[in-house]
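Have a look at the structure below before the remarks.
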Amino acid sequence: MTRPEAPAGAAAGLPGVPAGARELRKRYTAADLSVFTREEASRFVPQGGGDPQASVVLAWELLYRLEPDLYDRLATAERLHPGVVGWLPRGVDRIAEVGAGTGRLTMELVERGQHVVAVEPALPLRRILRRKLAAAGHGNRARVIHGFFDRLPLPDGFADLVVACSAFTPAPGHGGESGLAEMERACRPGGQVAIIWPNHLDWLAARGYRYVSFPGPMSVDFGSHDEAVELAEIFYPGAAGEVRRRGWRRVPFEALGINPPRDLAFKVLAG
Ligand SMILES: C[S@@+](CC[C@H](N)C(=O)[O-])C[C@H]1O[C@@H](n2cnc3c(N)ncnc32)[C@H](O)[C@@H]1O
């Protein structure tokens, strides 16, 4: 996923602006970093310190832990291209997903594999995902477990498909060299590893990953215009004015300045 460093929104942080409209980069302070477990801190703030107002990557990690429902509303609106989901193998025995979040992809994977293991480090997101799986009647076919890219709690050759969606990056705290090696270790010979909505395509290509992209217009589908404005102010502050002016509920990705979730990089492991 490619998200630009969020530009400062005109209204962000001003007196009288409700907290709900404060852009992501301004929502948290260094004091909030205490929410990280020791394991999380070792990945997300390895040198100690850290300022979520200077690092949008840190702000995302705090969002998952401090305002998981807000994150879930965004992920629900940012739907994957149906071509991406359709491309994934069907009728396989075991699928492992890493960085499953609140299940944007997991809820599709349960239709494609007999057994799904969703690995997710953030406890509040695991809770939401478990709730969704249970509500959809998939509670017994999908296991939601704690883990990180670089230390997957899965045996060698465990899954036919090992996949990550909008979660893997070459940075060590979010996958990196050891995370990719772990995904490949957990995949059976002849199986596939897939990185959905990838960034750093050259990095993946240099490691033998091929690229697929699906065409067509794509938009973020909010529940209402009000929700579009609210979430744009937080997550896409540079586009919030246009969202408001045009009365959009459905916001084209071009207006947001991020690439849409229409692509993936994959590797078929030697059999
Ligand atoms: C943008 S969310 C995407 C969630 C979900 N895959 C989706 O597409 O909706 C990124 C996810 O990666 C997880 N994550 C961050 N660092 C991770 C790591 N080192 N290992 C595994 N997951 C990680 C986060 O907790 C979060 O759930």
Please report how far the C-alpha centroid of the range 103-162 lies from that of the range 62-80, rounded to the nearest whole angstrom. 17
Restricting to the chain, what percent of DSSP beta bridges are antiparallel, rounded to 5? 40
Report the full-extension gain for the segment E177 to R79: residue separation times 0.36 nm, less the Cα-Cα distance, to one decimal in nm. 32.5 nm
Below 8 Å, C-alpha to C-alpha, sequence gap of six or more: please give me the relative contact order for the range 223-271 in percent. 33
Residues listed by number, the range 183-226, amide nitrogen under 13 Å from E254 label point at 7 Å toward C-beta: 216-219
Taking Cα pairs under 8 Å and at least six residues apart, what relative contact order does the chain come out at, in percent? 21
Nonlocal amide H pairs with V117, under 5 Å, H built at 1.01 Å: I95, A96, E97, R143
If you line up the long axis of helix 56-66 against the longest principal axis of the chain, both from Cα atoms, how many degrees apart are they, to the nearest 10? 80
For the residue pair R90 and R245, what label-to-label distance in nm results when each label sits 7 Å from Cα along the Cα-to-beta-carbon direction? 4.4
Once the Cα atoms of helix 68-77 and of the chain are each reduced to a long axis, what angle between those two axes, in degrees from 0 to 90 to the nearest 10, is obtained? 80
Output the 0 to 90 degree angle, nearest 10, between the alpha-carbon long axis of helix 123-135 and the longest principal axis computed from the alpha carbons of the chain. 70
Rough spin-label spacing in nm, given labels placed 7 Å along Cα→Cβ, for L123 and A206: 3.8
If one builds a Gaussian network model of the chain from Cα atoms under 10 Å apart, the most fluctuating residue listed among A186, A232, A31 is A31
Pairs of alpha-carbon atoms within less than 8 angstrom and 6+ residues apart define the contacts here; what relative contact order does the range 138-271 have, in percent? 28
Order of V85, V220 from fewest to most other C-beta atoms within 10 Å? V85, V220
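Only the coordinates and a few stated rules stand behind these numbers; no lab work does. This is a predicted model, so every value here is computed, not measured. Neighbour counts are summed over all protein chains in view; Cβ atoms, including those assigned to glycine, are modelled from backbone coordinates with ideal geometry.
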